[in-house]
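Structure record follows, encoded as structure tokens.
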Amino acid sequence: MKPVHPLSRRRFLGSVPIAAGASALAVENAVAQGGGAAFGKSGLRILSERPVNAETLVADLDPRNTPNDKHFVRNNGGLPARALSGSLDGWSLRIDGEVGNALELTLDDLKSRFENVSRALVLECAGNGRAAFQPGASGNQWWLGAVGCARYTGVRLGDVLSAAGVRDTAVYVAYYGEDPHLSGNPEDIPISRGVPLSKAMDESTLLAWEMNGEPLPPHHGFPLRVVAPGFPASASGKWLRRLWVRDQVHDGPKMTGFSYRVPRYPVAPGTDVPEEDMEIIGPMPVKSIITRPETGIRHAGGGPLAIRGWAWAGDGPVNAMHLSADFGATWFPCQLEEPENPFAWQRFEGSLAFDIPGHYEVWARATDHQGRQQPMVVPGWNPRGYLNNAMHRIGVTAL
């Protein structure tokens with residue numbers, strides 16, 4: 001790619017934050033002891049071990065398909081015994097509720113009765129970037145790595161629902177999985193969320209049994225999961241046993257109160273928002289990350305610095321990517337790939353030249369199909385720290 005016009009204004013990082021509102025140099029280079037090896041992962045940053053929650057380092061998000069051992073993990077309960085054993089004995093998926101023909105399907109039934117499809121799909125935790133909110137928000141303190149784009153194989157959820165005969169009264173599809181509650185009480189459910197019927201019927205919403213050509217790994221939902229790209233990853237239920245088609249918005253665990261909800265109106269940081277003023281998160285906002293080079297690079301030689309990464313949005317494609325190295329005073333366009341399929345992330349590539357040695361910040365800004373752009377700062381404070389899509393910034397020292 002041709003380099004853009006050189007930048008002559010010298011800038012210093014100093015104490016200015018680098019990644020989504022807080023310094024990320026140490027974070028992106030720090031891997032918790034073990035890095036997830038104990039549960040089939042490699043080099044992740046561990047946020048908690050019970051339940052398991054771990055994020056990917058930004059540099060490890062560079063491959064087009066996020067490797068299974070590098071993909072972030074967000075669990076709410078324990079790991080089902082079936083996921084660890086890999087056994088399908090006694091397993092089936094039940095679809096019931098507002099349907100004319102309740103179904104009980106084995107994995108072989110799903111594979112043989114419905115068209116099999118394979119899609120590259122982004123899943124992102126709604127709390128990705130939570131660590132940057134001030135004042136701080138409760139929950140796992142994700143930085144930038146609670147996102148990934150894997151290739152999932154399965155069947156369209158809409159095809160299965162159509163076979164069940166969805167009634168006119170249906171409005172929501174809820175999931176129930178086999179993951180046990182951490183309390184050990186079999187009557188307790190760690191999480192049961194869902195999506196509006198329109199999202200469930202979208203042709204990109206899948207019931208998936210493979211991830212990057214392999215059976216779903218234990219922490220990603222073996223033997224079957226929902227993949228509802230564009231919505232918070234918590235809507236993509238794992239270790240499925242039941243889909244309940246409902247005539248109302250689902251009210252299972254992690255659907256009510258403040259879970260995966262934001263205020264209906266802008267609030268000042270630290271506001272005590274009434275529960276009744278919270279609304280469920282739908283499509284995720286436009287976002288991007290720089291995967292190469294890593295923050296802290298020392299760039300020698302005087303030539304242009306090649307920069308690349310990924311961009312995505314929750315309800316359509318990204319239309320433009322731009323880079324800046326003068327705090328947003330000037331912006332330079334990148335080359336941007338078309339998505340491989342809807343809800344796949346898009347590669348962007350650009351270059352910047354620095355004609356004066358010094359320290360610079362490189363900012364990346366995505367613009368979606370509706371003209372919405374990433375903000376420069378952490379947007380929209382909310383009690384649980386959701387939907388931080390602030391621009392990713394890296395530090396560069398030009399020699």
The relative contact order of the chain, taking Cα pairs under 8 Å that sit 6 or more residues apart, comes to a percentage of 21
What per residue convex hull volume, in Å³, comes out for region 153-311 when only alpha-carbon positions are used?
208
Charges at C-beta only: +1 for Lys and Arg, -1 for Asp and Glu. How large is the resulting dipole of region 99-253 about its Cα centre, in Debye rounded to 20?
280
Fewest Cβ neighbours within 10 Å first, please rank Lys238, Lys199 accordingly.
Lys199, Lys238
Taking Cα pairs under 8 Å and at least six residues apart, what relative contact order does region 296-367 come out at, in percent?
42
Once phi is turned into ³J(HN,Hα) by the Karplus curve 6.51 cos²θ - 1.76 cosθ + 1.60 with θ = phi - 60°, what whole-Hz value does each residue of region 189-194 show in order, with x for glycine and proline?
10, x, 7, 8, 10, x
Rounded to 0.05, the calculated FRET efficiency for the beta carbons of Ala81 and Ala306 at R₀ = 45 Å is 0.40
Rounded to whole Å, √(5λ) for the Cα gyration tensor eigenvalues of region 171-249, largest first, gives 20, 18, 9
Quick check: the distance between the Cα centres of region 129-164 and region 248-287, to the nearest angstrom?
16
In whole Å, largest first, what are the principal axis extents of the Cα atoms in region 300-368?
41, 22, 14
Comparing Asp108, Asp69, Asp60 in a Gaussian network model of the chain (Cα, 10 Å), the one with the largest mean-square fluctuation is Asp108
Which of Thr295, Thr169 comes first, and how do the rest follow, when ranked by fewest Cβ neighbours within 10 Å?
Thr169, Thr295
Rel. contact order, % - alpha carbon contacts under 8 angstrom, at least six apart, region 126-263
28
Please give, to one decimal in nm, the separation of the simple spin-label points placed at Leu88 and Gln370, each 7 Å out from Cα toward the Cβ.
4.0
Greater than 25 Å apart at Cα, pairs in Lys70/Lys199; Lys111/Lys199; Lys41/Lys199; Lys111/Lys254; Lys199/Lys287:
Lys70/Lys199; Lys41/Lys199; Lys111/Lys254
Between Ile191, Ile280, Ile289, where does the largest GNM mean-square fluctuation fall for the chain, given springs only between Cα atoms within less than 10 Å?
Ile280
If I model a spin label as a point 7 Å beyond the Cα along the Cα-Cβ vector, how far apart are those points for Glu337 and Thr397 in nm?
3.3
For region 76-165, what D do you get in µm² per second when you plug the Kirkwood radius from alpha-carbon pairs into Stokes-Einstein at 20 °C and 1.002 mPa s?
130
DSSP beta bridges in the chain [antiparallel fraction, %, rounded to 5]:
90
Theoretical gain in end-to-end length, Arg298 to Thr256 [0.36 nm per residue, Cα-Cα removed]:
10.4 nm
Under a crude label model (7 Å from the Cα following the beta-carbon direction), how far is Arg167 from Thr271 in nanometres?
4.0
Charges only on Cβ, +1 for Lys and Arg, -1 for Asp and Glu: so what's the dipole of the chain about the Cα centre, in debye to the nearest 20?
1020
Quick check on the exposure proxy: order Lys287, Lys70 from fewest to most C-beta atoms within 10 angstrom.
Lys70, Lys287
Of the listed values [x] 30.3; [y] 19.7; [z] 43.8, identify the label whose number matches mean projected area of the Cα convex hull in nm² calculated from this model.
[y]
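Any read-out appearing in this document is the output of simple, stated calculations on the displayed coordinates, not a laboratory observation. Everything numeric here is computed off the predicted structure, so don't read it as measured data. Methodologically, a virtual Cβ is constructed for each residue, glycine included, from the backbone with ideal geometry; neighbour enumeration extends over all protein chains shown.
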